[in-house]
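Remarks on the structure that follows.
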Amino acid sequence: MNLGNVRRGVLAALMASAVVAGASAAELPIRIGAPLPLTGALSPEGVKLQQGYELWKDTVNAAGGIAVGSVKRLVEIVYYDYQSMTPKAVQLAEKLATDDKVDFMFGPFGSGASKAASTVAERYAIPMLAPTASSVEVYDQGYKNLFGTFTANDTLSEPMADIIKAKAPNVKRVAILARNDLYPLALGQEFEKSSKKRGLEVVYFEKYAINTLDHASALTEIKAAKPDWIIATGYINDLILIRKQMADLGIKAQAVTMINAPAYQEFIDATGTLAENVTTATWWHPAVRYESKDVFGSSVKYSEMFQKKFNALPDFTNATGSSVGVVLQMAIERAGSVDRDKVRETLVKGGFDTFFGPLTFNGVGQAISYVPPVIQIQGGKTVVIYPEVIKGGDLQLGVR
Amino acid sequence: MLYVQILINGILLGGLYACIAVGFSLVWGVLNVINILHGSFIVLGAYLAFFAYTGLGIHPYLFAPFAALVLFMLGYAVQLTVINRVIEAPVLVTLTTTFGLALLLDNLMLVVFAANFRKVSLKPPLGVIDLSDTFPSIDLIVPVDRLASMLFALVFVALLYWLLRHTVVGRAIVAVRMDRYAATLMGVDTTKVFAVTFALGAALAGAAGALLSPIFPISPLAGTTYLGKAFVICVLGGLGSVSGALVGGLVLGVLESFGALFFGPEHSLTLSFTVLILLLIFRPNGIMGKRGFV
Amino acid sequence: MKRSPIAIVGLGVLVLVVIILPFTATNYLLRLTTIAFMYIALASSWNIVGGFIGYPSFATAAFFGIGAYASGILRGASSLPLPATWLFGAAAATLFSLLVGPAILRLRGHYFAVASLVLAAVLREITNAATTLTGGGMGLNLPAVGAINVDVQTRLYYVSMLVAAALTIGLATLIWRSRLGWAMRCIEQNEDAAIVLGVNTLATKILGFAASAATAGLVGAIYATWIGYIDPTDAFDDLLSVKPIIMAFIGGVGTIFGPVAGAIIFLVLEEFVWRNVLNFHAGILGIIIVALLVFMPGGIGSIGRGIEKLRAYGRAGRTSDISGAAPPVVPS
């Protein structure tokens, strides 16, 4: 242990002398560590997040970098592929902290991996911005270094249930089919709560296993239960299959909600006409209209820039990838320093106007400051139906 | 009525399962190779069908023979260049070799096709046969695309059966299946038979992929799920027999459907794997209890 | 066992490095070394069944996962010290092996391979479904070790995993030199002949299976508390069953030090490929696996003298042991 301390001491002295020696240290890029699932089960999402990160990085660097006090410093993102394996994500977070010595970190994909990797960020006191962690279980560990730009799961279920209650008074019976996995299951349970709260009867609630290849039995039971509103949660492949098999079994309902796949263009492509009138909720959509003080200027400009770079409209996963970048940038600029403690303080204060929405975090680091839009697929396009200020259409009933 | 509908679902699913497993069973039975690549071959077939449909407008059912042909050639090449070199090695070596090949193929598909989930969405959709339209008291429904995929799969299985029974190559394969060494003594060129058998297994996977493309989402990662099913079905039906794969598939489909109904959908996989272990222990030759050769 | 001077020097250097590392290396290098110990332990653990007995076992992931979950659940529910939860994990895996072993060890060849492969799949689904106990798909977060800092924790797991690896190698050596090891080698050569020789084959296989389970379970248990988060997909990952086999193949199946060398080589390869290729590392790993298997066991000799020598070393150790310690075996 002594040897190690001596080595560290020497290193610290060397670094200090380098800082004193002049501006050379200030011109070093700000390093951000980003463990991503670029291969394996979560790779579609991993790639989307990376696109979001890259767009932000390129935009900032094209503008000369992040203004730290009076100097501008470029951004460098260190990517590692954690192969969709959570333990590997934890291992890489530690590598980024100790080996690559990054200044800040972006979280891995999803609630489970974010929860696991945030332990490392906390140990090394590195602020970690989680782009895709929505389940409250991620945050209730009371960590000081975790900040997430997704609002809690119930902010998706509550507005949806409100709209159904208001626009479809005949809906009485609800069926819920949830994937047995951290986020989809937690979301299913939120929908159950939101439904019951409004006096709706939950006539069916079942979980299905990860890697299920057939939903016919569950859907046959759902059909027999005659629900007016069907809610399914899961990842995109699950929901494509469930939607297809609903049609196979001739299931009709006044409303069908699937979360979050319909917000992706792939869902519409893969289900074709079956996507019609399916509703979903998501944290961001190209139709939102936020004016922002970040490097993009507004949601509209963000969409334009994304389209120019990737030749497609951004979806919420792309956008949240960029959102963690802009929040970090604004926090560094306000702090006037890359000192982790100072940046953490400004993050805690919140009040960031971004293209993703106004961002302020609660006591445990989860965003609480914006209303996620509710959308519906109408005519093969996603249309925002809530909140009122940005809506492009009204809820249409009837899914066949 | 609920039970009848579940039974129909199960039989349709079982037909698709049989189609997934036949090629796997053939290779296992004849070559004594557990081909981990099989699931990835199915996915490749599905991708080919997807691009044929979206790019050239060729219907997946029409494309299935072409998918089979492409995969036949790929399978032949893989067998000649790699598998043949380890064919005499213990099961561990052959299995791990195909595992390595599956890692490679899956990663290649991930890079080339990207990880996005796709599905062939037929225009117009084939729709459903709703019995309650004609008989209001009978509330049963049959999806046409599943039925059609199952029937076409049966055609391929029948073709294989005919091939094994009535052609020289087929007879040679059956001979090797029964007794590899005796067949060699009889003048059968086993290297060639192995290559043809492996290629046939791959061809059946390719056809299965095309037939499944309108039904299941396609992704480079779907291979392991198909493979898991193929394992269970082979053990259920008995190794290396065409009719065994058919029976195994149907039994598994019906079993899973009722399992999901009685125990809840989250337990249907557990159920099928448990059945597999029990069968291995108590009836290692499959539920039909005999070693089928065709 | 007689070893060449080079091997002894190599071993000495290795021991020295292992002792010095905790004082000099970064936390990440220590983490990597800890993984090396983990791989060594898993490869040696598999080798008892797959190498000594010659049974194609894919059960490592099942044992590992049970160890991880058993210790994880106990740790969440009690305030027992870490080593106690690890022993509990090892015990749970052993118990499991004693339950399923007598059934599936009657199977041979492919049937055994499939049955052992499916064990992990069943356990994965059960763990997923048993939400109240395991947290299901939400995974299990383990409380971190109390008020000690990161550097100490890293070294704690370094030492723990090192001990696990040493225990596994020790146990394997003990078995290898005992009558049990002789019985295993008999089964490996020819199971039917072993029965004729009066070997209680089933009991031998069950003991070997249990030894493999205990060690893999111990590793899983340490791993769970180390990473601090487990979920069913990762704890019962099929790769955990396949990787140890490949490591043993690289170094030499059925020897004591083959799996150790193989594990280190594998980790170096894996880390090197993974570092240099962002999203095609699985593919390259696949190519390496295929190349190793195609060129090595066939002895085609086209892979270069270095590896040939390594294999020759492995083979020599093995055959001399058989001829030295055991009566002649009926040729198969």
Per residue of A:135-142, what is the mean number of Cβ atoms on other protein chains within 10 angstrom of that residue's Cβ? 1
Restricting attention to the alpha-carbon atoms of region C:56-114, what are Rg (one decimal) and Dmax (integer), both in Å? 13.8, 44
Distances longer than 18 Å among the Cα atoms of region A:97-244: what percent of all pairs is that? 62
Region B:69-123 - convex hull of the alpha-carbon atoms, volume per residue in Å³: 118
To the nearest 0.05, what FRET efficiency results for C:I206 and A:E201 with a Förster distance of 60 Å applied to their C-beta separation? 0.65
Could you list C:T255, B:T184 in order of exposure, starting from the residue whose Cβ has the fewest other Cβ atoms within 10 Å? B:T184, C:T255
Summing -39500 (n - 2.57) over every DSSP H run of at least 4 residues in chain C and dividing by its residue count gives a helix-only mean residue ellipticity at 222 nm, to the nearest 500 deg cm²/dmol, of -25500 deg cm²/dmol
Out of all DSSP beta bridges in chain A, what portion is antiparallel? Express it as a percent rounded to 5. 35
All-pairs alpha carbon distance profile, region B:1-124, 5 Å steps from 0, percent: 2, 9, 16, 19, 18, 15, 10, 7, 3, 1, 0
If we count every other residue with Cβ under 14 angstrom of A:T151's Cβ, Lys/Arg +1 and Asp/Glu -1, where does the sum land? -3
Roughly what percent of Cα-Cα pairs across the protein assembly as shown reach past 39 Å? 47
Assuming R0 = 56 Å, can you tell me the calculated FRET efficiency for the pair C:S78 and C:V13, based on Cβ-Cβ distance, to the nearest 0.05? 0.85
So if I place +1 on the C-beta of Lys and Arg and -1 on the C-beta of Asp and Glu, and nothing else carries charge, what would the dipole magnitude of chain C be about its Cα centre? I want it in debye, nearest 20. 780
What order do you get for A:S298, B:S137 when you list them from fewest to most C-beta neighbours inside 10 Å? B:S137, A:S298
Picking from A:N237, A:N311, A:N362, which is most flexible by a Gaussian network model of chain A using Cα springs under 10 Å? A:N311
Checking A:P184, A:P127, A:P29 against a Gaussian network model of chain A (alpha-carbon springs below 10 Å), the top fluctuating residue turns out to be A:P29
Given 20 °C and 1.002 mPa s, compute D for region A:224-312 with the Stokes-Einstein relation, Rh being the Kirkwood radius over Cα pairs; round to the nearest whole µm²/s. 144
In units of 2.2 N^0.38 Å, the Cα radius of gyration of region B:2-282 is 1.01
Chain A: most fluctuating residue of A:L49, A:L219, A:L156 per GNM, C-alpha cutoff 10 Å: A:L219
In debye, nearest 20: dipole of chain A around its Cα centre with unit charges on the Cβ of K, R (+) and D, E (-)? 300
In debye to the nearest 20, how big a dipole does region B:2-282 give about its Cα centre with +1 on each Lys and Arg Cβ and -1 on each Asp and Glu Cβ? 580
With an 8 Å Cα cut-off and a minimum separation of 6 or more residues, compute the relative contact order for region C:65-180 in percent. 21
Given charges at Cβ of Lys, Arg, Asp, Glu: chain C dipole, positive-most of C:I40, C:L80, C:L119: C:I40
Cα→Cβ-extended label distance, 7 Å offset, between B:K123 and C:S178, nm: 7.0
Projecting each Cα onto the charge dipole of region C:27-281 (Lys/Arg +1, Asp/Glu -1 at the beta carbon, about the Cα centre), which of C:T233, C:A129, C:I206 comes out farthest on the positive side? C:I206
Taking only the alpha carbons of chain A, what extent do you get along each of the three principal axes, in Å, biggest first? 75, 44, 35
Once you keep just the Cα pairs under 8 angstrom separated by 6 or more residues, what percentage relative contact order results for chain A? 17
Take the alpha carbon atoms of region C:21-67, find their radius of gyration, then divide it by 2.2 N^0.38 Å using N residues; give the quotient. 1.48
Square roots of 5 times each gyration tensor eigenvalue, C-alpha, chain C, largest first, Å: 31, 25, 19
Counting only other chains, what is the mean number of Cβ atoms within 10 angstrom of the Cβ of each residue in peptide C:26-33? 5
Cα extents of region B:172-264 along the three principal axes, largest first, in whole Å? 54, 27, 17
Mean separation of Cα contacts under 8 Å (6+ apart) over length of chain C, as relative contact order %: 30
Could you point to the residue in B:I58, B:L122, B:L236 farthest towards the positive end of region B:2-282's charge dipole, with +1 and -1 charges on the Cβ of Lys/Arg and Asp/Glu respectively? B:I58
Expressed as a whole number, the average count of other chain Cβ atoms within 10 Å around the Cβ atoms of B:32-39 is 1
Given the DSSP H assignment, sum -39500 (n - 2.57) over each helix run of at least 4 residues in chain A and divide by its residue total; what's the result at 222 nm in deg cm²/dmol, nearest 500? -14000 deg cm²/dmol
Footprinting exposure proxy for C:I126, B:I58 (fewest neighbouring C-beta atoms within 10 Å first): B:I58, C:I126
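Only the coordinates and a few stated rules stand behind these numbers; no lab work does. Owing to the predicted nature of the structure, the values given are computational and were not obtained by experimental measurement. Counting neighbours? That spans all protein chains shown, and the Cβs are built from the backbone with ideal geometry, glycine included.
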